[in-house]
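Everything on this sheet refers to the single structure shown next.
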Amino acid sequence: MNTRIVLVWLFLPLSLLVLRAGFVMAQSDAVPAGIEPEPPRNPHLAPSTWPIYHANNYASASVMNTPPVDPTAFQTVDNLTRRRFGRGNVSPWTVLRPPARNGSQVVLTTPVNGVGKYVIERGRLRAVHFLPLERRFFDFDWGIVLLADGSALVTEKQRNRFALVSDDPNNPWSALRIVRRIPIDAARFGNLTAHFTVGYDGTLFALTDKPSLLAINLATGEVLATLNLGKEKGLATHNSFPIDERGRMYFVGQSAMFAVDWQQGALRLAWTAPYNMRGPGFDDAQDRSKRRDVIGVARGEAGTGSGTTPSLIGDPSRGVVVVVDGHSPRNHLVAFWRDEIPPDWQPLTHPSQPEVTLDRRVAGVIALPHSTPDGEGHSAENSPAVLGNAVVIAQWAGFRPDATPPKGLQRVDWNASERRFDLVWTNPDVHLNGVPTIARGPTGPRVVGMGCDNTRYVYSVVDLATGELVRRIDLGTDDAVLDQGNNHVIAADGSIIYGGKGSVVRLYRP
């Protein structure tokens, strides 16, 4: 039997968990009419609920095609201990293969020292194998993409290469192995970062620290095209990036938002929209390095800019892309038109800086009541979760939140007909320290995540429609379960899995 801790929790009556009145600003449908709740599936990714970080190529961090995440059924927590990992080596990114015919499901994670494999079978999460890779701790080799054939694409930044990791597809208990490696010439293209994705045509796209964007043939390893992004665009390389079905990718920099098109074998800049992600007083003419930015993020310094992966709303021609800036005292949710700007669109003024007229591509800006770098807060690093037009943003409390972290969760909807943001609800009493995840619930979508409450770690389940706390589950005091900014994947059986500081954690129904 694998070493694990099983904790049994008592139910709390729903009546004790309902939030006091006053937090709900407005109400709207859980999934707005006219927009599909999930992005189009990429045929080159595994046909599962979570084949890539942030769930899909739109980076929505939401999934609706699973059994309901039923908080009344979560009685136990699997906590796989640190036996296989060094301190802090548990992956923030987890991906899932589709379930097998017998109902079992393979789970892969990528801690900085290798790739871990687990199997959900007969209601249990079991460790299967750990494959060490040539990695250094501070390279943060966290990215992982699960391809359609079941192999996992990861990086070995120490050697500046990608690795394809697989196993016996007919045996879920088989050991992992390296199928092949794809080296990248650092002298020509730069050093790989943790940010890469696979487009809807099967092309691999990767960011380097040059900074450049590479288009790579996955089958041959050939670099098909490059685009020099240039430091003048203010690219912040600690962000990932979404891609839509047309081949357009969206990037957030420190001083601009921009989009890149992949068409007819070439990469080209589609548009650039100036926007000061750092905020007033943090212009930083010294152009501080990526390393200095990362240190600032870890310390929770103000002016670190946007740490959020952009998320896509709507369709490619009429939709928007949203990010969260790093302004003080309030971060802002910002939307940009993804395609042609409406011909009658007039430039907006910044709500917190009325003297500033924004670029015409900016579609909306709204100050977030519970997202701040001030006090004990941190600039937003938790990317927005999106379902339809609904956007959920949490207050991040850093890699080492104390017993009383800054709390706060909010839902903002993109009102497509009125072309504006609407604040739907706020909840000042919930702390989610990772990227919020939106899942199907028994009576509607739920927002889930873990955080701190006084001296204990807790898991919270929130109603997307109302912002009410549906259930709070005690996770104890061991910081092995601490989520430091992760996505929480939803398995085919409706259970939730995430990487803690020293363990892989699963909340499940017995």
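Which of (1) under 15 Å from Val412 (Cα atoms); (2) in a loop (DSSP other than H, G, I, E, B); (3) in contact with a Leu (Cβ under 7 Å, 6 or more places away or on another chain); (4) not aromatic (Phe, Trp, Tyr) does Pro347 not meet, given it meets every other one?
Condition (1) is where Pro347 drops out.
Is one or more of the residues making up the range 167-190 closer than 21 Å to Asn56 by Cβ and of a type outside the set (S, T, N, Q)? Show your work before the answer.
Initial filter on the range 167-190 (closer than 21 Å to Asn56 by Cβ): none.
Scanning the range 167-190, I find no residue that is closer than 21 Å to Asn56 by Cβ and of a type outside the set (S, T, N, Q), so the answer is no.
Go through Gln410, Gln484 for me and flag whichever is out of contact with any Asp or Glu (no Cβ under 8 Å at 6 or more places or on another chain), buried (at least 19 other Cβ atoms within 10 Å of the Cβ), farther than 30 Å from Arg360 by Cβ and of a type in the set (S, T, N, Q).
Details: Gln410 fails: farther than 30 Å from Arg360 by Cβ.
Just a single option satisfies the conditions, and that option is Gln484.
Looking only at the range 401-414, filter to residues that are touching a Ser or Thr at 6+ places or on another chain (Cβ under 9 Å) and either of a type in the set (D, E, K, R) or assigned to a strand (DSSP E or B) (or both); which one of those is farthest from Val470 (Cα to Cα)?
Here the residue is Asp413.
Here is a list: Gly398, Gly375. Which entry is of a type in the set (Gly, Ala, Ser), over 19 Å from the mean Cα position of the chain (by Cα) and part of a loop (DSSP other than H, G, I, E, B)?
On the way: Gly398 fails: over 19 Å from the mean Cα position of the chain (by Cα).
So the residue among Gly398, Gly375 that is of a type in the set (Gly, Ala, Ser), over 19 Å from the mean Cα position of the chain (by Cα) and part of a loop (DSSP other than H, G, I, E, B) is Gly375.
Can you find even one residue in the range 125-141 that is under 23 Å from Ile497 (Cβ atoms), touching a residue at least 60 places away in the same chain (Cβ under 8 Å) and of a type in the set (A, V, I, L, M)?
Looking through the range 125-141, at least one residue is under 23 Å from Ile497 (Cβ atoms), touching a residue at least 60 places away in the same chain (Cβ under 8 Å) and of a type in the set (A, V, I, L, M).
Say we look at the range 384-394 and pick out the residues that are assigned to a loop (DSSP other than H, G, I, E, B) and more than 14 Å from the chain's Cα centre (by Cα); which of these is surrounded by the most Cβ atoms within 10 Å (Cβ to Cβ)?
Restricting attention to the range 384-394, the residues satisfying the condition of being assigned to a loop (DSSP other than H, G, I, E, B) are 384, 388-389.
Keeping just the survivors that are more than 14 Å from the chain's Cα centre (by Cα) gives 388-389.
Details: Gly388: 27, Asn389: 25.
The residue in question is Gly388.
Is it the case that Glu381 is in a loop (DSSP other than H, G, I, E, B) and touching a helix residue (DSSP H, G or I) at 6+ places or on another chain (Cβ under 9 Å)?
Numbers: in a loop (DSSP other than H, G, I, E, B): yes; touching a helix residue (DSSP H, G or I) at 6+ places or on another chain (Cβ under 9 Å): yes.
Taking the combined requirement at face value, the residue satisfies it.
Every read-out reported here was derived from the displayed coordinates using simple, explicitly stated rules and does not represent laboratory data. Small disclaimer: the values here were computed from a predicted structure and weren't measured. Cβ: placed from backbone, ideal geometry, glycine included. Neighbour counts: every protein chain shown.
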